[in-house]
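To keep things clear, I will list the structure first and then write my remarks on it.
The values are calculated or read from the model by the stated rules, or taken from the named source; none is laboratory data. On a predicted model such as this, the values are computed, not experimentally measured, just so you know. Cβ sites come from the backbone with ideal geometry, for glycine too, and all protein chains shown count toward neighbours. Side chains included, ligands, DNA and RNA excluded: accessible areas come from the protein's heavy atoms. Shrake-Rupley method; radii C 1.70, N 1.55, O 1.52, S 1.80 Å.
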Amino acid sequence: MLIIQIIIILFLLYALYRTIGKFREGKVRWGWFGFWILFWLSAGVVVLLPETTNRLADLVGVTRGVDLVIYFAIIVISYLVFRILIKIESLEQEITKVVREEALRNSKNQV
Amino acid sequence: MKTIAVIPAYNEATMVEGVVEATLPFVDAVIVVDDGSQDETGGAARRAGAHVVRHSLNRGLGASLGTGIQASLAAGADCIVTLDADGQHDSSEIPKLIRQVQNGLADVVLGSRLLNTRGMPLGRICMNHVGSWFTFCMFGMYVTDSQSGFRAFSRAAAQAINIRSNRMEVSSEIVAEIRRQGLRVAEVPIRAIYTDYSLSKGQSFRVGVKTACRLLLRRLGQ
């Protein structure tokens, strides 16, 4: 086994441990818990059996397995960033709602 | 017809008193939304005779307009005028702005600087044209000055419009809402008073780019 494989496997084990911990604390919902477990396990399979990516790449018409992994990673990261931006926007609106209600309550009957 | 002016203000202690005093003769009441200012904006507005609604945190122009409109509706306004706190708008033009709302000819009246560009810096003229065309591409409605803060709404229009934007993209969102709600809109030429101070408070190119990105995100999310 290569050193880089060992390092990545150790990181993936840590990521699994943190994901399970956060789920137990109630900070991660079922759906996302399932997604992340699948994600870390899939990453583990790819690291331990790199030839699987070559077989998958052949299946979808990409030359090299590592290219397929990169394409997939870019798509996943872009989608996650999009979701995060949407969530931030939603939080901003909720903060404004709370601040507005407080402001209007404090100024009631003035106008 | 009860007319209330809404003036969103953030750190405008030096200007807001004069703006409120200039506005009061033309409306029944002035509401200044103090958007979490760190200076004496609220106190200065009160001294001039405005009713002040204060945000405990700075939320942005859009949030302040939403708060001001809600306060005005709760106070029984039949017509709501919005204008800037930095002295860019000439309050004596308020009657021109609200006339068509009072006569029932329009639901929303937008003051347009681009119908009378005298005294307007060329850079601002270009940026406002870009802003208006961008708003048209995003939301399918063209007005000559989509970024103008000098507006009048009928009560029904103010109730219908749903402002979700917090920051400066609210101007384009209002145009989008006008289209979405099928409101009757009119434009009147207004004079823009440009000083070094009001120019420093307006949308710079960098802020304009950020506003455009937020609008794009909002459009994609619809």
Just wondering, is there one or more residues in the range A:39-47 that are surrounded by 12 or more Cβ atoms within 10 Å (Cβ to Cβ), touching a residue at least 12 places away in the same chain (Cβ under 8 Å) and over 18 Å from the mean Cα position of the chain (by Cα)? yes
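Output the number of residues of the range A:12-25 satisfying the condition of being open to solvent by 60 Å² or more (accessible area, probe 1.4 Å) and either among the β-branched types (Val, Ile, Thr) or more than 14 Å from the chain's Cα centre (by Cα) (or both).
The qualifying residues number 6.
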Given the structure, is residue B:98 outside any helix (DSSP H, G or I) and under 21 Å from residue B:183 (Cβ atoms)? no
Pick out the one residue from A:81, A:98, A:28 that is outside any helix (DSSP H, G or I), within 30 Å of residue B:213 (Cα to Cα) and modelled with pLDDT of 90 or more. A:28
Mind checking whether some residue in the range A:21-40 is farther than 30 Å from residue B:166 by Cβ and charged (D, E, K, R)? yes
Which one is nearest to the chain's Cα centre (by Cα), of the residues in the range A:78-111 that are among the hydroxyl-bearing types (Ser, Thr, Tyr) and under 12 Å from residue B:67 (Cβ atoms)? A:96
With A:61, A:44 as the choices, which residue is away from chain B (no Cβ under 14 Å) and at positive phi? A:61
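When you go through A:95, A:86, A:9 one by one, which is the residue that is within 14 Å of another protein chain (Cβ to nearest Cβ), in contact with a Gly (Cβ under 9 Å, 6 or more places away or on another chain) and open to solvent by less than 80 Å² (accessible area, probe 1.4 Å)?
Values: A:95 fails: in contact with a Gly (Cβ under 9 Å, 6 or more places away or on another chain); A:9 fails: within 14 Å of another protein chain (Cβ to nearest Cβ).
Among A:95, A:86, A:9, only A:86 is within 14 Å of another protein chain (Cβ to nearest Cβ), in contact with a Gly (Cβ under 9 Å, 6 or more places away or on another chain) and open to solvent by less than 80 Å² (accessible area, probe 1.4 Å).
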Could you please give the count of residues in the range B:57-92 that are at pLDDT 95 or above and charged (D, E, K, R)? 2
Where residues in the range B:37-65 are open to solvent by 10 Å² or more (accessible area, probe 1.4 Å), outside any strand (DSSP E or B) and closer than 13 Å to residue A:100 by Cα, which of them is farthest from the other protein chains (Cβ to nearest Cβ)? B:61
Picking from B:104, B:119, B:111, B:131, which residue would you name as being in a strand (DSSP E or B) and at pLDDT below 95? B:111
Name the one entry in B:101, B:81, B:109, B:130 that is more than 14 Å from every other protein chain (Cβ to nearest Cβ), crowded, with 22+ Cβ neighbours inside 10 Å and either more than 24 Å from residue B:16 (Cβ to Cβ) or of a type in the set (D, E, K, R) (or both). B:101
